[in-house]
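The values are calculated or read from the model by the stated rules, or taken from the named source; none is laboratory data. Every value quoted in this text rests on a predicted model; they were computed, and no experiment measured them. All Cβ positions, even for glycine, are placed from backbone atoms using ideal geometry, and neighbour counts span all protein chains on display.
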Amino acid sequence: MHSLHQDLGVPPAVNASGKMTALGGSVLGEGVIAAMGEAARHHVVMDDLMRAVGREIARATGTEDGCPTTGAASGIAIAVASVVAGTDLSRIEALPDPGDAPCEVILPRGHSVHFGAPVRQMIALGGGRPVEVGSANKVTAAHLSGAIGPRTAALLYVQSHHAVQKGMVTLAETVETGRRHGIPVIVDAAAEEDLRHWPATGADLVVYSGGKAVGGPTSGIICGSAERMAACRAQYNGVARPMKVGKETLFGLVQALREYGTTPAGDHRARMERLAGRLAGLPGLTTRVVSDEAGRAIHRTELTVDPGEAGRDAGRLAAELAARGVHLRDHHAATGRLYIDPRPLRPDEEERLVAQLTALLQGEGR
Ligand SMILES: *Cc1c(COP(=O)(O)O)cnc(C)c1O
């Protein structure tokens, strides 16, 4: 079955870390795989397909129109390009040089995150100039409005577990500030699960990843008004050309959107409680179930590693497991804690995780 994996010397990995780009995003359902295969067999008028997929995005997000992208990162770049250049072909072809167009994109300093690349860089790629306001742990609506001037193109709000969660201006305040000054608000909601919630806040352009919560192929979504989405699509004649989306991806994204929400995701809490119970007896581990730090309906098993008892610290334990093909969520390894994310983890993979963790902690390398 995995012949090409084997030929390449890159075997399938057990992913207990969540929807991670570094582990290939989502594993696709059979319906999505079939849709991508169907697309691969035929030519199609791409402009028509882009607009048809926009209508599917609109349906899934409760907006007027949508624009498919290669990911949320390109979605940010294209959304910024659209507010800087609009549908003016000369401006579109000059980007990322904005010329004399307003190009400043104001964002709270606590939202200037690195998701694999800096969000600032995606702004610059679209011809914007990032303007961070406030402090890393304190940003108010007054910081936003104080920075708004004739060069302002947009406000950017990053809804993410990567962002600082305390002391930040709210999205409602950001939208209100944008309204008052006639400045559009772009929301990066890359990994968010409720596709209808964020556009309903009144934000003008909302960006999602298609390969995270939606469970689609590596792809992304921008949604908003018909006029704003026409301006987003127009960027494919310019700065977005190296970010073009293939027909196979477009079909896969549509199928994933159609399937999204039809099967209850579930928060896996009971499953993680059982797993925490099973792992609690291993030497050097304390376990419990915790909810997502950014408030999404996700429960994870937390492993606190006692290096004395376990024979290695959390970081080394995670690295040893990874070398055995099992990847835990290790953002907080420096604090001695590892997490198991249930979403991408199949039951048989969960068994492999338990077996490898048990082998490591009950003897080997201690
Ligand atoms: C993952 C992520 C991105 C990038 O999404 P891709 O679909 O991988 O391009 C952007 N912003 C945030 C907050 C993210 O978590």
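Some points to look at:
- Only residues that are over 17 Å from the mean Cα position of the chain (by Cα) and of a type in the set (V, I, T) were counted across region 102-124, and they come to 2.
- In region 329-366, the residues that are farther than 28 Å from A213 by Cα, in contact with an Asp or Glu (Cβ under 8 Å, 6 or more places away or on another chain) and crowded, with 16+ Cβ neighbours inside 10 Å: L360
- Taking helices (runs of 4 or more DSSP H) as the structural unit, those lying wholly within region 190-274 and holding at least 2 residues that are among the acidic types (D, E) and in contact (Cβ under 8 Å) with a residue 60 or more places away in the chain correspond to 247-259.
- Residue in region 3-11 that is of a type in the set (A, V, I, L, M) and in contact (Cβ under 8 Å) with a residue 40 or more places away in the chain present: no
- Considering only residues in region 13-47 that are modelled with pLDDT of 95 or more and within 23 Å of L205 (Cβ to Cβ), the one that is surrounded by the most Cβ atoms within 10 Å (Cβ to Cβ) turns out to be M46.
- Checked against the criterion of being among the polar types (S, T, N, Q) and more than 20 Å from the chain's Cα centre (by Cα), the candidates S74, S90 yield just one match: S90.
- There is no residue in region 82-94 that is surrounded by 17 or more Cβ atoms within 10 Å (Cβ to Cβ), within 15 Å of the ligand (Cβ to nearest atom) and not hydroxyl-bearing (S, T, Y).
- Condition check for A323: farther than 23 Å from A213 by Cα and surrounded by fewer than 22 Cβ atoms within 10 Å (Cβ to Cβ): yes
- Residue within region 290-306 that is in contact (Cβ under 8 Å) with a residue 12 or more places away in the chain, among the acidic types (D, E), in contact with a Gly (Cβ under 8 Å, 6 or more places away or on another chain) and under 23 Å from L338 (Cα atoms) present: yes
- Figure legend. Inter-residue proximity from region 111-139: first residues more than 19 Å from G71 (Cβ to Cβ), second residues modelled with pLDDT of 95 or more and of a type in the set (S, T, Y), beta-carbon distance below 6 Å, spacing 6+ or different chains. Indicated pairs: E132/S112.
- Count of region 205-228 residues, restricted to those that are closer than 17 Å to S74 by Cα and either hydroxyl-bearing (S, T, Y) or away from the ligand (no atom under 15 Å from the Cβ) (or both), is 6.
- Residue satisfying condition, being modelled with pLDDT of 95 or more, within 14 Å of the ligand (Cβ to nearest atom) and more than 29 Å from A58 (Cα to Cα), within set G167, G110, G126: G110
- Tally, over region 169-189, of residues that are surrounded by fewer than 17 Cβ atoms within 10 Å (Cβ to Cβ) and either in a strand (DSSP E or B) or among the β-branched types (V, I, T) (or both): 1
- Subset of region 30-78 (residues that are in contact with a Pro (Cβ under 8 Å, 6 or more places away or on another chain) and either away from the ligand (no atom under 16 Å from the Cβ) or not hydroxyl-bearing (S, T, Y) (or both)): V32, M36, M50, V53, G54, I57, G62, T63
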